[in-house]
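Heads up, the thing below is written out as structure tokens.
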Amino acid sequence: MELDIKRLADIRGVSGQEQDVRAYCRDLVSGHADEIFSDTIGNLYAYRRGTQDGPVVMIAAHMDEVGFLVRGVDKEGMVHFANVGGIVPAQLPAKVVRIGPSAVPGVIGTKAVHLQQPDERTKPFDPKNLVIDIGAKSKEEALKLVKLGDQITWDVEFGPFGNGLWKGRALDDRVGCGVLAEVIRSGDYACPVYGVFTVQEEIGLRGARIAANRIMPQIGIALEGTVCADIPGVETHGQVTRVGRGPAVSFMDGGTIHHPALRRLIVAVAEREGIPYQWREATGGANDAAAMSLAGAGAMACAVSVPCRYIHSPVAVCSESDFRGAVRLVRALVESIGRGELKV
Amino acid sequence: MQTKEFLRRLTEGVGVSGHEHHLSSVVLEALGPYAHRVEVDALGNCIAVRQGEARGEGGGEAAGERVKIMLAGHVDEIGLMITKIDEHGFLRIAQVGGFDPRTLVGQEVTVHGRRALPGIIGIKPPHIMSEDERRKAAKLEELFVDIGMDAAAAGEVVSVGDIITLSRRFIELHGDVVAAKAMDDRAGVAVLLECLRRLSQMRHEADVYAVATVQEETSFGGAITGAWAIQPDIGIAIDVGHAGPGLPGPDAMELGKGPAIAMGANIHPRIHELLTRTARECGVAYQDDVEPAATGTDAWPMQISRAGVATGLISIPLRYMHTSVETGNMRDITEAGRLLAEFCARVDRAFVEGLRWS
Amino acid sequence: MKELIRNFTQAYGPAGHETQVCEVIRQAVAGYCDRTSTDALGNLIAFRAGTGEAGGGKRHRVMLAGHMDEIGVVVTHIDEHGFLRFTNVGGVSPHVLLGQRVEFGNGRVGSIGTERVDEIKDLKHDKMFIDVGAKSRSEAEEWVSVGDVATYQRGLVEMGTRLSSKAMDDRIGCVIIAETLRRLKSCPHDVYAVFTTQEEVGLRGARVSAYGIDPTFGIAFDVTGMNDTPNLKNILNMKLGGGASIKAKDASVVVPPKVRDLMVRTARENDIPYQLEVLPSGGTDTGAILLTRAGVPAGCISVPTRYIHTPVETIETSDVEACVQLATKLLEGPLEL
């Protein structure tokens, strides 16, 4: 089956509730790996044995997205929610969300501007006062529609955008999952490769830590959707990445100092294959590479990302050519590692 | 030992994070009679193990195949440590674990030097404070402990690195309500006793490791190393949860309504399901606790130990957490112990195999 | 020992890029151990087998840890005029950078400049840049690239019995370990002297090397704060000249009291000057070792240091000497808790 990036991006899976994403990813890699299995936290592993014993390569992309959870229902039937992962309060007001397995719609409403005092209008909304209105009039009525712990996601659909761009909800990190699926479904890898679709990355790299402990790789590659701020009001040196300039290669982030030898190899492979690439020009934010590099007695780790404008907001934007470039780059990188071209 | 007496001895005892060895003998004395073996590990976790019944005939299951449940209640308390004895004999202090410094002002403390000494946490009297100072909350660096000695005398009995605890007796309030320091999380350790005592009268397949963990308040160190050594299939943390008054939202837990059973990313859904189903089947009243991400308990490190542990969390409702008057209800503790015992008795290999996702 | 301090502190080795200093240290210790190796994160491990005779006591696998990495600044962007934008690697204060020179691994030196900032307290890294003398992006790219890291410029200064240099944190800890290995005559325990990496960004090297070694006892060596310069108004006990600092607690660890007591006893029995230390903020490799696998008794011997995380970190040589003596006596003994 072909990768349907729209389907992958639209599946709802907040950290801790990735089961539907896992099911689709399993379908994508079925028949393309020697072993496919899961574990108790919900990671999905696709193992390709290769033809030699090492180096063992783990490639991680996370299935979970940031979102919310139902934490209570009040007597007026309003749903109280809690953040799962990093969402800034400014994103919340006046949005439509979907709750639970039946995707019950709700709105995060705010006081009409007509009713606000002048000084209220300039202050940010206090997230503690925001609730979701599902149209219920009482606690009992609401609890017929939603339950405690139900996941809540933005109501946004994936689709084409502008010139060769995509817009969608959970591009961080469904684009990474898409790259991983394509890498597992193609390529000629002599070294053993574990493609791991991880869970709960957004709340502390939880799935990747467990997967890395199980696998104990020598090399870890994280595939991410990353910060991209090529927008008005941001100086060039603060943009981090730019849409359309190719996959972004990291040198350091909040959890890893990417191994210099691995970084050099990525650049060499990109140049040899004629794949445009850019640096991820920032050091903040951690990802599954940190979990892989610190497992057991340690691993060399790196990260390759697809730039996504507006990550951790309801709708993000990325470039299809960056995505395709990332697939080519990672595939060529793992093939190169399998040929023994990584020199420490 | 009765549970309330155990709780009293624990909460009146001294066991600041990293210094829990003072409580080992009380813990082992209480849990020992209901365990097949006890041990104290490298970091000081006290572990009481109940072996389960071997499955099937012949009972020749290899050790590695046994189903293991780890129950974790942390025995360490937050406290203070002497950083410096100043030239007048006053002691400067640092936190061990998270205190609200505002609650420390004017407290009576015990300084554990060569002997236990009474002390008072002092601050500038309001009469000589500026307007500004009076309005601002006290910072830990401005606080000091007065033990009523000059520097030379102080140097004979205390030294840098000595720990300090709040002086507070276990208080029985009305009904089943009690107040003490360190109910976080000695209430959880008391639950371990309730659980083991009942389990010793029940049949269970799983090996149950009841662990009074150390250093939860500073680094989760006891749960990290303990889970690594035990390699459990299931890890249940028993901690305390914030109970009102004064909490926002429709979801705060209440004293006397039973233990809170957590759900969320830190909790395996099937563990939550078995805990809640067991509670309903056994008539244990319980409350829901939605935890979106990190729970801030031993369940957090246990979940990612090695290749993963299926985790659960039970919380005893507690008012005024991290103060010297943490207040809870004994019935919540005994009911939590009953729930856990029934849960452990229901865990078998088939259940554990069902924890792995497809 | 002064030459050792000079060689170690002057070497280049910011977190994640420790290969140069690793080689300097390796050469210094090769003659005093059985073999050296490096691991996936670049930790340098010098192994020395013990004699096994501890009077019937336990033969420990002891891990010593001193971190090789220093703080620095990493290039995030090269602008069209050849100015380098950067951010910090480890705790580098923007205010300390004002007026400094920084040096890259290939020897290239740059000056720190800043945009206009009206309130000095608002100064942050993203308002600053490094000027390496390039007139264009392409010229700059001949010398440096995005991802390269620079450290404070070098220079060791002697001031009586005090020494001042960049990277005392924690090359002085590495010196103590190297000098201990040199002086160690008869040690019953197997010693793994680990010169760790990436401590400044989260104790990372110590964590993986401790896992790989699986020690039964750990001793870290690092710098610590002090309270003997004017009006610090802090609550620390330590001072230069007070001797080897024996740690009770820092932000990463509560040292097991038995380990701390063993160190105090050993210092007393051998007339080694010592002081006790609680450091409320600031973590060390000690915490990483303690939480390895099923738990490891671990402590820390520290050198009180002035002006930590500046180019002029200052230590007292008699304190360093006391640390070496304490470490040596501990290792020669049974390490019994």
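Summary of values
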{"read-out": "Complete set of residues in the stretch C:239-259 that are charged (D, E, K, R) and under 13 Å from C:MET226 (Cβ atoms)", "value": "C:LYS239"}
{"read-out": "Residue list for the stretch A:29-54, restricted to those being surrounded by fewer than 16 Cβ atoms within 10 Å (Cβ to Cβ) and within 14 Å of chain B (Cβ to nearest Cβ)", "value": "A:SER30, A:GLU35, A:PHE37"}
{"read-out": "A:TYR194 being assigned to a loop (DSSP other than H, G, I, E, B), among the aromatic types (Phe, Trp, Tyr) and in the same structural domain as A:GLU320 (by TED's automatic domain parsing)", "value": "no"}
{"read-out": "Residue match in the stretch C:139-153 (condition: modelled with pLDDT under 95 and of a type in the set (A, V, I, L, M, F, W, C))", "value": "no"}
{"read-out": "Residue pairs meeting the criteria (Cβ under 7 Å; at least 6 apart or on separate chains; first facing another protein chain (nearest Cβ under 10 Å), in the stretch C:17-44; second at pLDDT below 95)", "value": "C:HIS17/A:PRO260"}
{"read-out": "Identity of the residue in the stretch A:17-28, within 13 Å of chain B (Cβ to nearest Cβ) and in contact with a Leu (Cβ under 8 Å, 6 or more places away or on another chain), that ends up surrounded by the most Cβ atoms within 10 Å (Cβ to Cβ)", "value": "A:CYS25"}
{"read-out": "Residue ranges of strands (runs of 3 or more DSSP E) in the stretch A:27-119 with at least 3 members of a type outside the set (Gly, Ala, Ser) and in contact (Cβ under 8 Å) with a residue 40 or more places away in the chain", "value": "A:44-48, A:57-62, A:67-73, A:79-84, A:95-99"}
{"read-out": "All positions within the stretch C:64-91 that are of a type in the set (A, V, I, L, M), within 13 Å of another protein chain (Cβ to nearest Cβ) and outside any loop (DSSP other than H, G, I, E, B)", "value": "C:VAL73, C:VAL74, C:VAL75, C:ILE78, C:LEU84, C:VAL89"}
{"read-out": "Of the criteria (1) surrounded by fewer than 15 Cβ atoms within 10 Å (Cβ to Cβ); (2) touching a Lys or Arg at 6+ places or on another chain (Cβ under 9 Å); (3) among the acidic types (Asp, Glu), which one A:GLU141 fails", "value": "(2)"}
{"read-out": "Residue satisfying all of: in the stretch B:147-182; more than 23 Å from B:VAL16 (Cα to Cα) and in contact with a Ser or Thr (Cβ under 8 Å, 6 or more places away or on another chain); farthest from the other protein chains (Cβ to nearest Cβ) among these", "value": "B:LEU173"}
{"read-out": "Count of the stretch A:89-128 residues which are on the phi > 0 side of the Ramachandran plot and surrounded by 11 or more Cβ atoms within 10 Å (Cβ to Cβ)", "value": "2"}
{"read-out": "Which numbered condition C:LEU84 fails, given (1) aliphatic (A, V, I, L, M); (2) surrounded by 22 or more Cβ atoms within 10 Å (Cβ to Cβ); (3) within 20 Å of the chain's Cα centre (by Cα)", "value": "(3)"}
{"read-out": "Residues of the stretch A:323-334 satisfying the condition of being in contact with a Gly (Cβ under 6 Å, 6 or more places away or on another chain) and not small (Gly, Ala, Ser)", "value": "A:ARG331"}
{"read-out": "First in the stretch B:15-38 and in contact (Cβ under 8 Å) with a residue 60 or more places away in the chain and over 30 Å from B:ILE164 (Cβ atoms), second anywhere and surrounded by fewer than 20 Cβ atoms within 10 Å (Cβ to Cβ) and small (Gly, Ala, Ser), Cβ under 6 Å, 6 or more apart", "value": "B:TYR34/B:SER200"}
{"read-out": "Unmet criterion (only one of (1) touching a strand residue (DSSP E or B) at 6+ places or on another chain (Cβ under 8 Å); (2) among the aliphatic types (A, V, I, L, M); (3) at pLDDT 90 or above) for A:ALA94", "value": "(3)"}
{"read-out": "C:GLY212 being surrounded by fewer than 24 Cβ atoms within 10 Å (Cβ to Cβ), within 8 Å of another protein chain (Cβ to nearest Cβ), touching a residue at least 40 places away in the same chain (Cβ under 8 Å) and of a type outside the set (Lys, Arg)", "value": "yes"}
{"read-out": "Output for the stretch A:310-340, where each listed residue is acidic (Asp, Glu) and within 19 Å of the chain's Cα centre (by Cα)", "value": "A:GLU320, A:ASP322"}
{"read-out": "Matching residues, the stretch C:92-115, being within 14 Å of chain A (Cβ to nearest Cβ) and of a type outside the set (Ser, Thr, Tyr)", "value": "C:VAL92, C:PHE104, C:GLY105, C:ASN106, C:GLY113, C:GLU115"}
{"read-out": "Verdict on C:GLU141 being acidic (Asp, Glu) and either closer than 26 Å to A:THR256 by Cβ or outside any strand (DSSP E or B) (or both)", "value": "yes"}
{"read-out": "Condition met for B:GLU216 (more than 12 Å from chain A (Cβ to nearest Cβ) and more than 18 Å from the chain's Cα centre (by Cα))", "value": "no"}
{"read-out": "Filter pass, C:GLY56 being outside the structural domain of C:VAL89 (by TED's automatic domain parsing), free of Cβ contacts under 8 Å to residues at least 60 places away in the same chain and assigned to a loop (DSSP other than H, G, I, E, B)", "value": "yes"}
{"read-out": "Search result, residues across the stretch B:148-177 that are part of a strand (DSSP E or B) and either hydroxyl-bearing (Ser, Thr, Tyr) or touching a Phe, Trp or Tyr at 6+ places or on another chain (Cβ under 9 Å) (or both)", "value": "B:THR165"}
{"read-out": "Qualifying residues in the stretch B:238-260 (those that are hydrophobic (A, V, I, L, M, F, W, C) and surrounded by fewer than 24 Cβ atoms within 10 Å (Cβ to Cβ)) - the one nearest to the other protein chains (Cβ to nearest Cβ)", "value": "B:ALA252"}
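The rows are residues; the columns are (1) of a type in the set (Asp, Glu); (2) modelled with pLDDT of 95 or more; (3) over 23 Å from the mean Cα position of the chain (by Cα).
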{"position": "B:ALA35", "(1), (2), (3)": "no, yes, no"}
{"position": "B:VAL38", "(1), (2), (3)": "no, yes, no"}
{"position": "B:ARG55", "(1), (2), (3)": "no, no, yes"}
{"position": "B:GLY89", "(1), (2), (3)": "no, yes, yes"}
{"position": "B:VAL105", "(1), (2), (3)": "no, no, yes"}
{"position": "B:GLY113", "(1), (2), (3)": "no, yes, yes"}
{"position": "B:ILE123", "(1), (2), (3)": "no, no, yes"}
{"position": "B:GLU133", "(1), (2), (3)": "yes, no, yes"}
{"position": "B:MET149", "(1), (2), (3)": "no, yes, yes"}
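A quick yes/no check of all residues on (1) crowded, with 23+ Cβ neighbours inside 10 Å; (2) touching a residue at least 40 places away in the same chain (Cβ under 8 Å); (3) within 14 Å of chain B (Cβ to nearest Cβ); (4) over 21 Å from A:ARG280 (Cβ atoms):
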{"site": "A:GLU157", "(1), (2), (3), (4)": "no, yes, no, yes"}
{"site": "A:ASP188", "(1), (2), (3), (4)": "no, yes, no, yes"}
{"site": "A:GLY195", "(1), (2), (3), (4)": "yes, yes, no, yes"}
{"site": "A:THR198", "(1), (2), (3), (4)": "yes, yes, yes, no"}
{"site": "A:ARG206", "(1), (2), (3), (4)": "yes, yes, yes, yes"}
{"site": "A:PRO247", "(1), (2), (3), (4)": "yes, yes, no, no"}
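To keep it simple, each residue is scored yes or no on (1) touching a Phe, Trp or Tyr at 6+ places or on another chain (Cβ under 6 Å); (2) within 14 Å of chain C (Cβ to nearest Cβ).
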position	(1), (2)
B:ASP184	no, no
B:LEU196	yes, no
B:MET202	no, no
B:ALA210	no, no
B:GLY221	no, yes
B:ALA229	no, yes
B:ASP233	no, no
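The values are calculated or read from the model by the stated rules, or taken from the named source; none is laboratory data. None of the values given here were measured: they were computed from a predicted structure. Don't worry about glycine lacking a Cβ; one is built from the backbone with ideal geometry, like all the others, and counts go over all protein chains shown.
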